[in-house]
Amino acid sequence: MISYFKSKNITAKPVNNQYLWIKDVDTLFNLLIECWSKETCAPRMQDEWSENNKTLGQCSITSFLVQDIFGGKVYGIKLEDGSIHCFNKIHDEFFDLTSSQFGERNLNYLNAEMQNREKHFSKEEKYNRYLKLKVSLENKNPNL
């Protein structure tokens with residue numbers, strides 16, 4: 001069973017009226033499991049992406065989509081390879097919907113830096129992957 005890291009029980013509710021059909025972060029997570037794909041994975045990781053590791057290469061696009069829905073801020077931690085792994089913080093609640101890509105490895109979320117949407121989306125391929133994930137999620141809306 002796929003799961004995600006959370007610092008405490010998350011009480012966030014949608015702040016964007018477009019997403020009121022998503023009850024909470026757990027509901028969003030379960031919907032995203034159906035939306036993440038090789039096409040939404042970071043290009044440098046697509047060869048390793050699999051149905052068994054759906055969260056691989058999905059962190060920044062997922063984190064900014066979470067921000068669209070629930071507000072809060074996107075943070076990132078620098079990994080050993082120099083890349084940035086993104087996750088969310090709403091009030092004092094940290095959570096990382098794509099943490100399962102690291103298996104049993106524990107990440108240190110304490111020395112994180114706030115991430116800038118414009119900087120991340122200045123890469124056209126990343127912005128296009130974000131849009132693909134967003135459309136896939138919106139297609140799950142039972143009210144449409």
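Readers should treat all values here as calculations from the given coordinates under stated rules, not as data from a laboratory. Note that the coordinates shown come from a computational prediction; the quantities given were computed from them, not determined experimentally. Because the Cβ atoms are built from the backbone with ideal geometry, glycine has one as well, and the counts that use them run over all protein chains shown.
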Quick one: putting +1 on the C-beta of Lys and Arg, -1 on the C-beta of Asp and Glu, what dipole do you get for the chain around its Cα centre, in Debye to the nearest 20? 280 debye
Semi-axis lengths, Å, region 75-124, gyration tensor of Cα atoms, sqrt of 5 times eigenvalues: 18, 15, 10
Which ³J(HN,Hα) values in Hz, rounded to whole numbers, follow from the phi angles of region 106-114 under the Karplus curve 6.51 cos²θ - 1.76 cosθ + 1.60, where θ = phi - 60° and Gly and Pro get x? 8, 9, 9, 8, 6, 9, 8, 10, 4
Relative exposure of Asp92, Asp68, judged by other C-beta atoms within 10 Å (fewest first): Asp92, Asp68
Which residue, Val15, Val74, Val66, tops the fluctuation ranking in a GNM of the chain built on C-alpha contacts under 10 Å? Val15
Long-range amide H partners of Gly71, meaning residues 5 or more apart or on another chain whose placed amide H is closer than 5 Å, are Val15
Charge dipole of the chain about the Cα centre (unit charges at C-beta), most positive-ward option of Tyr130, Trp21, Trp49: Trp21
Give the lysines reachable from Lys6 as a straight Cα distance under 28 Å; neighbours fewer than 8 places away on the same chain don't count. Lys23, Lys38, Lys54, Lys73, Lys78, Lys89, Lys119, Lys126, Lys132, Lys134, Lys140
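Using the scaling law 2.2 N^0.38 Å as the reference, what is the normalised Cα Rg of region 5-138? Working shown, then result.
Values: Rg = 13.7 Å, N = 134, 2.2 N^0.38 = 14.1 Å.
With N residues counted in region 5-138, Rg over 2.2 N^0.38 Å equals 0.97.
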Rounded to the nearest 0.05, what FRET efficiency do Asn139 and Lys78 have when you use their Cβ-Cβ distance and R0 = 35 Å? 0.55
Can you sort Ser3, Ser99, Ser136 so the residue with the fewest Cβ neighbours within 10 Å comes first? Ser3, Ser136, Ser99
Rank these for me by crowding, Cys59, Cys35, going from fewest to most other beta carbons within 10 Å. Cys35, Cys59
Per residue of region 13-30, what does 6.51 cos²θ - 1.76 cosθ + 1.60 with θ = phi - 60° give for ³J(HN,Hα)? Whole Hz please, x for Gly and Pro, Karplus curve as stated. 10, x, 9, 9, 4, 5, 10, 4, 6, 9, 4, 6, 5, 4, 4, 4, 4, 5
Where Rh denotes the Kirkwood radius from the mean inverse Cα pair distance, what is Rg over Rh for region 14-92? 0.99
5 angstrom amide H check on Phe5, placed H, neighbours 5+ away: Asp96, Ser99, Ser100
